[in-house]
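To start, the structure under review is shown below, and the notes come after it.
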2 protein chains.
Amino acid sequence: MGDSVGIGIVGLGTIGTGVAKLLHRNASVIEQRLGQPLRVVRIADLDTQTDRGIDLGGIRFDDDSDGLIADPEVDIVVELIGGYGVARDLTLRAIANGKHVVTANKALLALHGRELFEAAAQAGVDIAFEASVGGGIPILRSMREGLSANRIESVHGIVNGTTNYVLSEMEETGEAFEVVLKRAQDLGYAEADPSFDVDGIDAAHKLTLLAAMAFGADLTYEDIPTEGIRGLVPMDYEAASQFGLKIKMLAIAKLRDEDGVERIEARVHPTMIPAESLLAKVDGAMNAVAVHGDAVGPTLFYGAGAGELPTASAVVADLMEVAREIRRGSAGRVAPLSYVPEALVKKPLVPLGELEARCYLVLTVLDRPGVLGRIASAFGDHEISIESVLQKARGRETAVPIVLLTHPAREAAVRKALAVVDAMPEVTAPSRMLRIEEDL
Amino acid sequence: MGDSVGIGIVGLGTIGTGVAKLLHRNASVIEQRLGQPLRVVRIADLDTQTDRGIDLGGIRFDDDSDGLIADPEVDIVVELIGGYGVARDLTLRAIANGKHVVTANKALLALHGRELFEAAAQAGVDIAFEASVGGGIPILRSMREGLSANRIESVHGIVNGTTNYVLSEMEETGEAFEVVLKRAQDLGYAEADPSFDVDGIDAAHKLTLLAAMAFGADLTYEDIPTEGIRGLVPMDYEAASQFGLKIKMLAIAKLRDEDGVERIEARVHPTMIPAESLLAKVDGAMNAVAVHGDAVGPTLFYGAGAGELPTASAVVADLMEVAREIRRGSAGRVAPLSYVPEALVKKPLVPLGELEARCYLVLTVLDRPGVLGRIASAFGDHEISIESVLQKARGRETAVPIVLLTHPAREAAVRKALAVVDAMPEVTAPSRMLRIEEDL
């Protein structure tokens, strides 16, 4: 079959090792599909000593990433070093050298995507990044090429395997967040510093890519309202179950078109969703993205969101795609973020206060005479009606949690009512709120 | 932006109308993604009188399909006439005229795919066919481009919306097949002649495409063992529920690699699957395909499998893809069936007798002294062990159904045991069997 395409891998950590492994193991099926072989010619990593358990025969392996991105044998650079600074610099220089780039680095793309895509377009090379969202799930390709005829109306994604694992475990075992997180860390499912995952930063990075793909919206990552899962307690799961709901950490983006003026709802937070929805069945470290298009209706894409070989699956698929573009001289054939650059524009975000949804509220209250009536009045004064109340115990001396489920209400009104409630002397801790998403 | 690409639609039925509607309605977002407009220049249908409720202003509309496929204004022909004979002839002539072809016709591709793809490759044009399997779900693109780095191990698809609707209704209402089918026909979910759907023919057509994509297996449609859903009765649902199972009509393909010799399991039949699996949650007319790859692990793709706009969503996505290829002169960039033609080869099918699975069996028995013992012996003699027995009533005078769940057993042995059982004088009707799939 055809000539081989030369691959250079920068960063031989978990994913880089998976990529090398997969290219070796599935070389035959890759060539049967592509019509030509992919060959790793060079790998660069600062650590050249650790044994990764893979055969690097015939591959130049050193710590010279500068040499790699200038090597004429290298057609495609796989950037797997992570982070923003060095990765940005390396990627720009690789592009300047005329190299195509495949990356799994959502943080890099969320912060510097526009600059990188512009540089690639000017240089006539591709940047492929399927592995950056949803691991092995071909969600970006599906949105960009499979659902391209649709006006996308909403995206709801479980896009962080660590938080989904922690929440699934909390639900199953009834254990506290800290206990489950510790176990996830011991098992390698969570980082020593889990903030990136559990505070929603990683999901927000991915959401900027999803929102661009879905709506042509050029969002600034820092503007996306992001809430983590640290505040969840086992009682939340019990209550959710009683209401026929489940709790999932979701990255949500929706299009609001009011008389032709488009605004974007974009947010990352733990969310209650109907227990019978498909997303609610996505457990453990798995990922799924539900996309609703005006023509196709509801769709869902499910698979492993992380891990050595699932992520390598997406990276190598990108390598095959770029190899086809090289062969046909068709780099830049598809707009990387689904919209051509001039159609990818800033769109205003809908403030959270304008959201309208049922809400799950937890109040911490000393149950003294009249307090429940005053709480009810606070909600009534803000035109919020209550659908259900759960109170596990009475607490005249010690505060007890009271769980409220509201009918659909505007978030600004709910926040105001909660401010009134939280100012009451019988309310001993700040109230908590979880949003409920229904149409999944 | 760029020049427009000219579209000609042959066949203005439900899907054709949806395609025209969607190209009109979403013209703006299509151009924002593609960088150029798609323009319907010509439509041909034998019926030029019926009002389809769409604006055909500026579009030449007549019954001259020969003229359409020769029209220099037409770059891409959308073949939506269905069937094998006329569609094959028209497609071949369109290709000979240098036209790219987009089709939703799985029957055509299942029977004449090799001939059509060869003709297209020789002519340097594309045949795109995402809409032929899974309606609006971009499942073919995902397998061909998204999961291309994997050795695919199995595919389990709910790929016929009519049968899934009928089975979902039977489960929900407890009504008989004939009753639900009649209602599905009244609602337009099933054809007046439902055989194509309920006997599994449509699903088998689609499975030939999925098996080619997954394994590079060139299967002959007629060789695929296919069983329909006419024989299911409400009791099967009750029993399934008691066993924690659900009944779905599945198209199944698996790779068996024994010492490097590859054989393919391919079959279409109603199947019992774990009630907690994602596929079991796919209800109504929705479709889903679960694909297991060696690197990515389990994945699932869910969405509407039929209908005017969901199918049009896939057709128009293909039009956009082909338009990109036209612009870049990169037709034939991707092997249409995922494997390059020389790697797409005949692979032997695994005979059903070699399958090994738990089985659900329904025997119809007069419960006379000793008969249950003799039935048990028949299974024991064939080394089949029984996991559960359900008997709703005793029937000395009238035969009653006895439901058996076996432990994993070879199908050939089960068939032999059933032959022995069915020959007993107390067994008054042929026994029935449903296969159980576990790993979903």
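Here, each number is a calculation from the coordinates, and none is a lab measurement. Bear in mind the structure is a predicted one, so any value in this text is a computation, not a measurement. Every residue, glycine as well, gets a Cβ built from its backbone with ideal geometry; the counts of neighbours run over all protein chains shown.
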| field | Using alpha-carbon coordinates, inclination of helix B:411-422 to the longest axis of chain B, degrees | value | 50
| Pick from A:172, A:258, A:238: which is most flexible by mean-square fluctuation in a GNM of chain A where alpha carbon atoms under 10 Å apart are linked? | A:258
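I need the calculated FRET efficiency for the pair residue B:222 and residue B:173, taking r as the beta carbon distance and R₀ as 56 Å, to the nearest 0.05.
0.95
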| query | With point charges of +1 on the Cβ of Lys and Arg and -1 on the Cβ of Asp and Glu, referenced to the Cα centre of chain B, which listed residue (B:96, B:413, B:287) lies farthest in the positive direction of the dipole? | reply | B:413
| note | Sequence order, segment A:192-207: Karplus ³J(HN,Hα) from phi using 6.51 cos²θ - 1.76 cosθ + 1.60, θ = phi - 60°, Hz rounded, Gly and Pro as x, gives 4, 9, x, 4, 3, 7, 6, 8, x, 5, 4, 5, 5, 4, 5, 5
| query | Give me the Kirkwood hydrodynamic radius of segment A:1-124 in Å, from all C-alpha pairs, to one decimal place? | reply | 14.8
| What distance in nm separates the simple spin-label points at residue B:397 and residue B:3, each placed 7 Å from Cα in the Cβ direction? | 8.5
| message | Rg/Rh for chain B to two decimals, with Rh computed the Kirkwood way over all alpha-carbon pairs. | response | 1.04
| message | Measuring nothing but label to label, 7 Å from Cα along Cα→Cβ, what are residue A:430's distances to the other copies in nm, shortest first? | response | 7.0
| task | Can you tell me the 0 to 90 degree angle between the C-alpha axis of helix B:308-328 and the longest principal axis of chain B, rounded to 10? | result | 50
| query | Relative to the present Cα-Cα distance, how much length would full extension add between residue A:346 and residue A:242 at 0.36 nm per residue of separation? | reply | 33.3 nm
| note | D (µm²/s, integer) via Stokes-Einstein for the protein assembly as shown, Kirkwood Rh across alpha-carbon pairs, 20 °C, 1.002 mPa s: value 73
| message | Just to be sure I understand: chains A and B are related by a rotation, so which residue of A has its Cβ closest to that axis, and how close in Å? | response | A:330, 2
| request: Using only Cα atoms, tell me the angle between helix A:371-381 and the longest principal axis of chain A; keep it within 0 to 90° and round to the nearest 10. | output: 60
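Charges only on Cβ, +1 for Lys and Arg, -1 for Asp and Glu: so what's the dipole of the protein assembly as shown about the Cα centre, in debye to the nearest 20? Before the final figure, lay out the partial values.
Details: 86 positive and 128 negative charges, 90 e Å.
For this selection, approximately 440 debye.
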| field | Mean-position separation - Cα centroids, segment B:167-233 and segment B:29-52, in angstrom | value | 31
| task | First obtain the Kirkwood hydrodynamic radius of segment B:133-202 from its Cα pairs, then insert it into the Stokes-Einstein equation at 4 °C and 1.567 mPa s, and state the resulting D in µm² per second as a whole number. | result | 93
| query | Relative contact order for segment B:197-294: what is it in percent, counting Cα pairs under 8 Å that are at least 6 residues apart? | reply | 27
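Report, in debye and to the nearest 20, how large the dipole of segment A:353-436 comes out about its Cα centre when Lys and Arg carry +1 and Asp and Glu carry -1 on their Cβ.
220
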| message | Can you tell me, using C-alpha contacts under 8 Å and at least 6 residues apart, the relative contact order of chain A as a whole percent? | response | 16
| request: Place the label 7 angstrom along Cα→C-beta at residue A:51 and in each other copy, then list the distances from the first to the rest in nm, shortest first. | output: 7.9
| Positive-end extreme of charge dipole, segment A:1-113 - chosen from A:85, A:29, A:40 (charges on Cβ) | A:29
| task | Could you tell me, in Å, what Rg and Dmax come out for the Cα atoms of segment A:100-244? | result | 17.5, 57
| said: Using the Karplus curve 6.51 cos²θ - 1.76 cosθ + 1.60 with θ = phi - 60°, what ³J(HN,Hα) values do you get for each residue of segment A:95-105, in whole Hz, with x for Gly and Pro? | reply: 4, 4, 7, x, 8, 6, 10, 10, 9, 10, 9
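Charges only on Cβ, +1 for Lys and Arg, -1 for Asp and Glu: so what's the dipole of segment B:139-304 about the Cα centre, in debye to the nearest 20?
Here the size comes out at about 400 debye.
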| Estimated 222 nm signal from helices in chain B, with DSSP H stretches of n ≥ 4 weighted -39500 (n - 2.57), rounded to 500 | -10500 deg cm²/dmol
| message | Quick check on my link table: of A:106/A:182; A:182/A:392; A:206/A:347; B:248/B:346, which ones sit more than 23 Å apart, alpha carbon to alpha carbon? | response | A:106/A:182; A:182/A:392; B:248/B:346
| task | Could you quote the convex hull projected area for segment B:326-440, Cα atoms only and averaged over all directions, in nm²? | result | 11.6
| field | Considering only chain A, percent of DSSP beta bridges that pair antiparallel, nearest 5 | value | 70
